[in-house]
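Asks: Pasting in a structure now, in structure tokens, and then I'll have a few things to ask.
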Amino acid sequence: MKPYYKLLPALLPFVLFFAGGIVLTVLQSLGMMNPLVHYTSMWTAYKIVLTHSHFLVSILFSFYVALVSSTIATVLGTLLAYTMWKLPLRLHAKTVVYKIPLVLPHIAVAFITMIFLSRSGVFSSLCYHLGITATMEAFPNLIFSRYGVGEIIAYSIKETSFVALMAVSVLMKFDKRYLQTARQLGAGEIRIFFSVVLPHLKETLTTTFLILFIYSFGAFEIPYILGNSSPGMLSLQVYDYYFKHDLSQRPVAMALLVILFLVSSLLAYLYFKISNKLDKGGM
Amino acid sequence: MAGLWFVFLFPLVVLVIYSFAGRWTFPSLIPDTMNFRTLTYFKANGYKILTHLGSSFLYSIVAVVLSVFYSLVPAEFLSRADFKGKKLVESLLLAPAVLPVMTFSVGIHIIFIRLGLADTHFGVALILSVYSYPYMLRALISGYKTIHPDALVCARNLGAGFWQILWEIEIPMLLPALTAGSSIVFLVAFSDYFLVFLIGGGSVPSYSGYLFPFLNSSDWSLASGLTLLFILLPVLLFVVLDLTVNRLYRKWM
């Protein structure tokens, strides 16, 4: 008999607070624990969510922002990692500056994005001086835009460094002589990247992408500072229905959270499946 | 290389310039006037700023301590035992860091209110530890893997007791993992805005909560200065931890 009781300390936060919290979310989405809810059926909150198109639009919008920002971050992060890795060894210590966004809090990243992208911001002024725009209004309204440009860029800034960090750690174990061999066999730089380096990074990039996608799909801070309320990301709708509407509307917020949980769990399942296989292969 | 430094440092440089900008209107590329209004503000509101920073520091440290408490023994077990379903258990225990925090925290809010944990420092530290302990667990699992089981057997054969093994072998060997885990948990807790807002409900002072209204205001100078202060503490902590741990190591080796 193995000492399974040794797992107990970690089960405390996991079972009591995490799993318990999700069970409470589900219960409240069914209209329970709330004296002001008098639904005719347990599923009323879900019916409200599924029959009002603005919720569906919100879910799709979150999906879109998460997809675009994670894709940008994965592409840029990989290129950044590859460029840094190809530098001579003595320069490697100096690349540490790329880690700055990793320690920046999300609300700080959101603020920096605002300074750079808003109509009175840095890029707008630059465009004016370069003769691209004639007035402040000629600069596109990127923050609070309908297309989620502000959110996408803020997430991309934060996440590119994360992708680079993960990719560099894999590349460090990769033998540079593969590149020389490929070059001797006549492969061009682009071909080397796509057929030698990229296949090696595939699993790590997939798992990193999944993590970033789940995060930007469900996080609150960046949309709260940079987002437009319509369509608005899913997390903003939850916030709205939990805090801004009266108590009887709370099951709607909970139903949205259950949907958020289901989508994220599905992706998290994929993540763990791939990363556990990676661990086994690596050992 | 210069490009890399430029891209990553430029935003911070802009924050510094903004902190000292007086009037900076479109489309000027440099501030129209400069002043030390931000520093004057810091001085005048020093007590308030320090209280909020201190409070954030406090609940973040408690979250770190809680995460060590949750993770230490399970990490030892998971790094050494091998059983069916181990991967599943490990994945489940790491899940709170992967899934959106809103999904469990908003649901549990009502219970925190009933138990009197809402609006308390401990409640905030508790909820922060729930989604940040996986970083500690993960770091400690890999930390324990660096300790060869034979080293412990050897120490026991040479007559070392439980405490001696813990103090002279396990803790020094685990220190890098412990430092790494603590730094991440601290950073995650210190940077958080939503959970502190939800569970702290405004009665637990937090620096992120203090900073927030400034970010949404039109006073970008003050917001920049306060943001720099926000970034400063985690960065400083990283540098200090890194230096002290490295020094300790040289002493031991």
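The values are calculated or read from the model by the stated rules, or taken from the named source; none is laboratory data. No experiment lies behind these values; they were computed from the predicted model shown. So basically every Cβ, Gly included, is an ideal-geometry build from the backbone, and we count neighbours across all protein chains shown.
Asks: If a residue must be out of contact with any helix residue (DSSP H, G or I) (no Cβ under 8 Å at 6 or more places or on another chain) and either aliphatic (A, V, I, L, M) or in contact (Cβ under 8 Å) with a residue 40 or more places away in the chain (or both), how many such residues does the range A:139-156 contain?
Replies: Count: 2.
Asks: Which residue is farthest from the other protein chains (Cβ to nearest Cβ), if the candidates are limited to the range A:3-38 and must be buried (at least 16 other Cβ atoms within 10 Å of the Cβ), of a type outside the set (A, V, I, L, M, F, W, C) and assigned to a loop (DSSP other than H, G, I, E, B)?
Replies: Residue satisfying both the conditions and the ranking: A:Gly31.
Asks: Same structure, new question: Please determine, by comparing only the residues of the range A:111-155 that are in a helix (DSSP H, G or I) and among the charged types (D, E, K, R), which one is nearest to B:Leu236 (Cα to Cα).
Replies: If we take residues in the range A:111-155 being in a helix (DSSP H, G or I) and among the charged types (D, E, K, R), then A:Glu151 is nearest to B:Leu236 (Cα to Cα).
Asks: Specify the residue that is nearest to B:Val185 (Cα to Cα); the eligible residues are those in the range A:65-96 that are β-branched (Val, Ile, Thr) and at pLDDT 85 or above.
Replies: The qualifying residue nearest to B:Val185 (Cα to Cα) is A:Thr74.
Asks: Then there is this: Of all residues in the range B:62-105 being surrounded by 17 or more Cβ atoms within 10 Å (Cβ to Cβ) and outside any helix (DSSP H, G or I), which is nearest to the other protein chains (Cβ to nearest Cβ)?
Replies: It comes out as B:Pro100.
Asks: Only one residue in B:Ile141, B:Ile108 is within 13 Å of another protein chain (Cβ to nearest Cβ), under 19 Å from A:Phe272 (Cα atoms), assigned to a helix (DSSP H, G or I) and touching a residue at least 12 places away in the same chain (Cβ under 8 Å). Which one?
Replies: Answer to the selection: B:Ile141.
Asks: Looking only at the range B:237-252, decide whether some residue is hydroxyl-bearing (Ser, Thr, Tyr) and over 21 Å from the mean Cα position of the chain (by Cα).
Replies: yes
Asks: Does B:Leu9 count as facing chain A (nearest Cβ under 7 Å), in a helix (DSSP H, G or I), of a type in the set (A, V, I, L, M, F, W, C) and under 25 Å from the mean Cα position of the chain (by Cα)?
Replies: So B:Leu9 passes the test.
Asks: With respect to A:Ala108, determine if the residue is within 14 Å of chain B (Cβ to nearest Cβ), part of a helix (DSSP H, G or I) and under 28 Å from A:Ser230 (Cα atoms).
Replies: Here the answer is yes, as A:Ala108 does meet what is asked.
Asks: Can we say A:Leu256 is within 14 Å of chain B (Cβ to nearest Cβ), modelled with pLDDT of 90 or more and within 26 Å of A:Gly31 (Cβ to Cβ)?
Replies: yes
Asks: Okay, next question. Pick from the range B:30-43 the residues that are of a type in the set (S, T, N, Q) and assigned to a loop (DSSP other than H, G, I, E, B): which of them is nearest to the chain's Cα centre (by Cα)?
Replies: Within the range B:30-43, the match that is nearest to the chain's Cα centre (by Cα) is B:Asn35.
Asks: Suppose we filter the range B:222-237 for residues that are modelled with pLDDT of 90 or more and either loosely packed, with under 15 Cβ neighbours inside 10 Å or more than 8 Å from chain A (Cβ to nearest Cβ) (or both); how many remain?
Replies: 5
Asks: Quickly run through the range B:111-122 and pick out the residues that are under 30 Å from A:Tyr4 (Cβ atoms) and either in a loop (DSSP other than H, G, I, E, B) or without any contact (Cβ under 8 Å) to a residue 60 or more places away in the chain (or both).
Replies: B:Ile111, B:Leu115, B:Leu117
Asks: Report yes if some residue within the range A:48-69 is within 13 Å of chain B (Cβ to nearest Cβ) and either in contact with a His (Cβ under 9 Å, 6 or more places away or on another chain) or more than 27 Å from B:Ile110 (Cα to Cα) (or both); otherwise report no.
Replies: yes
Asks: Here is a further query. Please work out which one of (1) in a helix (DSSP H, G or I); (2) within 11 Å of another protein chain (Cβ to nearest Cβ) is the condition B:Pro27 fails and give its number.
Replies: (1)
Asks: Report the residue count in the range A:73-105 for those that are surrounded by 19 or more Cβ atoms within 10 Å (Cβ to Cβ), under 15 Å from the mean Cα position of the chain (by Cα), in a helix (DSSP H, G or I) and of a type outside the set (Ser, Thr, Tyr).
Replies: Total satisfying the criteria: 3.
Asks: Restricting to helices (runs of 4 or more DSSP H) lying wholly in the range A:192-244: which have 3 or more residues that are modelled with pLDDT of 95 or more and of a type outside the set (Ser, Thr, Tyr)?
Replies: So the answer is A:198-218.
Asks: If a residue must be surrounded by 11 or more Cβ atoms within 10 Å (Cβ to Cβ) and of a type outside the set (A, V, I, L, M), how many such residues does the range A:165-175 contain?
Replies: 2
Asks: While we're here: Do we have B:Ser206 as touching a Phe, Trp or Tyr at 6+ places or on another chain (Cβ under 8 Å) and under 29 Å from B:Leu9 (Cβ atoms) here?
Replies: When the stated conditions are applied, B:Ser206 passes them.
Asks: Could you check B:Ala189 against (1) facing another protein chain (nearest Cβ under 10 Å); (2) modelled with pLDDT of 80 or more; (3) assigned to a helix (DSSP H, G or I) and say which number it fails?
Replies: With (1) facing another protein chain (nearest Cβ under 10 Å); (2) modelled with pLDDT of 80 or more; (3) assigned to a helix (DSSP H, G or I) applied to B:Ala189, the lone miss is (1).
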